[in-house]
Amino acid sequence: MISRFRTPLPEQGAAASEVIQQMVDKARGGIMRTSGGRSFAWVIGGTLPAALAADWMTSVWDQNAALSACSPAAAAVESVVGSWIKELLGLPVDASFALVTGCQMAHFTCLAAARHHLLAGKGWDVERRGLQGAPNVRVIDVSARHASVDRALRFLGIGTDAVVSMRGERCSSSSLQTVLGSQPDAPTIVLTQAGDIHTGESDAFENVILLARQHGAWVHVDGAFGLWAQASARHRHRVAGVEGADSWATDGHKWLNVPFDSGYAIVARSDAHRASMSTKATYIDSATEMREPLDWTPEWSRRARAFSTYAAIQELGRKGIEKQIDHSCQLASALVDRMGRLPRIEIVSSPVLNQGLIRVKPSNANANQEEHDSATLRVVEHLSQQGESFFQPSRWNDRTVIRVSVCSWQTTEDDIQRAVVAMEQVLRGE
Ligand SMILES: Cc1ncc(COP(=O)(O)O)c(C=O)c1O
């Protein structure tokens, strides 16, 4: 791909249509069909038709969604979309929100609000004084956090060394109580997860939030995809109590099937959110009554990404979103179950939502762990070469596994069957 695209910096321009034609030609073979129905790798959603068209309109309109004065329509749609997302996810109606590029920046936004709130409680104005000399912020992680949370902590100057990891002790109230009580006065963030990327499991929010409240800690939820269980009557119990947290980070570009990039930060304490993000400039009318996106986001100029979320929600409606969540979970279970019936496939984790894990047993019955791992990697490679379905490997509990993730609205029962047949063929050819 690099050799195809790399040319000397062009001295002269070219006709727009020629530029595009050449770009498309060169990209051929290098565009992943990750939004298609048989891509089960990572956690990547598809794109709903209305959301895609809205995204084209967003580019055509080329609005700067920083301020309502720059784009009244973008600011208005953003306000509506924020309320709809809170309603869909069962979060407090008075929570504030920001539309950002993805869950990574949603973590950053939420944790900046947490940092403000906790340090203001200690009489420290972090926006003015920074972190030099500030009370230490302690972070307790009750689950297997996603690496994007670490990166947000790095960006915020809190640092990853501040994290006390309780991984493996998920749901243990007494151990959390002990850790919280060990430094009762420390400003504390408790990290939780709605939907683990490997297993789809979530933390016991009711317990964790209750304990955190008793210690004045801020509870943040990484709900990149799993928070969407809230939109389903069938799966809501998996994240019971999540609405009691202080902040939630989630994505539109995963389970809602909005094109990249689209993430949402939602904060119960809107005062802390605004204090951590808002900014002033001589050319901005700060007397406006409108909700100004700039007051809630880390960006200044920004894409009007509310349009595609608006279109996705309009296209599916609350019922359609619920159906999409339920259908993906059902298909993920079907895929893992049927794969598990194949002779050399072992189910490592059956989906509780839309994520599952399998691995491949080598033909040799006395195989060791390394042979298991290499058989699994080999099969993933062969599946990719075959091209009928797409999976990616991962490491989980010191084992190499194949992740099964169903997020795209395009995945059907037929896709599941085709993926199982593809796996059967690859195993037979081994
Ligand atoms: C659980 C979880 N959290 C956070 C992220 C990061 O999200 P984004 O890529 O939208 O920034 C991901 C991405 O897959 C994820 O699965």
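The values are calculated or read from the model by the stated rules, or taken from the named source; none is laboratory data. These figures come from a predicted structure and were not determined experimentally. As a convention, Cβ positions derive from the backbone with ideal geometry for all residues, glycine included, and neighbour counts pool all protein chains shown. Just so you know, the surface numbers come from the protein's heavy atoms only, side chains and all, with ligands and any DNA or RNA stripped out. Shrake-Rupley method; radii C 1.70, N 1.55, O 1.52, S 1.80 Å.
Observations
- Residue ID - surrounded by the most Cβ atoms within 10 Å (Cβ to Cβ), chosen from residues in the range 277-310 that are of a type in the set (D, E, K, R) and within 16 Å of the ligand (Cβ to nearest atom): 305
- Where residue 18 falls short, out of the listed (1) assigned to a loop (DSSP other than H, G, I, E, B); (2) outside the structural domain of residue 285 (by TED's automatic domain parsing): (1)
- Condition check for residue 154 on (1) surrounded by fewer than 16 Cβ atoms within 10 Å (Cβ to Cβ); (2) within 16 Å of the ligand (Cβ to nearest atom); (3) at pLDDT below 95: one failure, at (3).
- Residue match in the range 179-198 (condition: farther than 19 Å from residue 160 by Cα, surrounded by 15 or more Cβ atoms within 10 Å (Cβ to Cβ) and polar (S, T, N, Q)): no
- Scanning the range 109-120 for residues that are in contact with a Lys or Arg (Cβ under 8 Å, 6 or more places away or on another chain) and open to solvent by 10 Å² or more (accessible area, probe 1.4 Å) returns a single hit, 117.
- Residue within the range 97-108 that is modelled with pLDDT of 95 or more, more than 16 Å from the ligand (Cβ to nearest atom) and assigned by TED's automatic domain parsing to the domain that holds residue 277 present: no
- Screening the range 121-151 for residues that are open to solvent by less than 50 Å² (accessible area, probe 1.4 Å) and away from the ligand (no atom under 16 Å from the Cβ) and picking the one that is nearest to residue 202 (Cα to Cα) gives 140.
- Tallying residues that are more than 30 Å from residue 323 (Cβ to Cβ) and either within 16 Å of the ligand (Cβ to nearest atom) or open to solvent by 20 Å² or more (accessible area, probe 1.4 Å) (or both) within the range 240-276 yields 6.
- Residue tally, condition surrounded by fewer than 22 Cβ atoms within 10 Å (Cβ to Cβ) and more than 29 Å from residue 310 (Cβ to Cβ), over the range 210-236: 6
- Qualifying residue in the range 58-77 (condition: open to solvent by less than 40 Å² (accessible area, probe 1.4 Å), closer than 23 Å to residue 323 by Cβ and in contact (Cβ under 8 Å) with a residue 60 or more places away in the chain): no
Yes or no, residue by residue, for (1) within 16 Å of the ligand (Cβ to nearest atom); (2) at pLDDT below 95:
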residue	(1), (2)
185	no, yes
191	yes, no
194	yes, no
199	yes, no
224	yes, no
231	no, no
234	no, no
238	yes, no
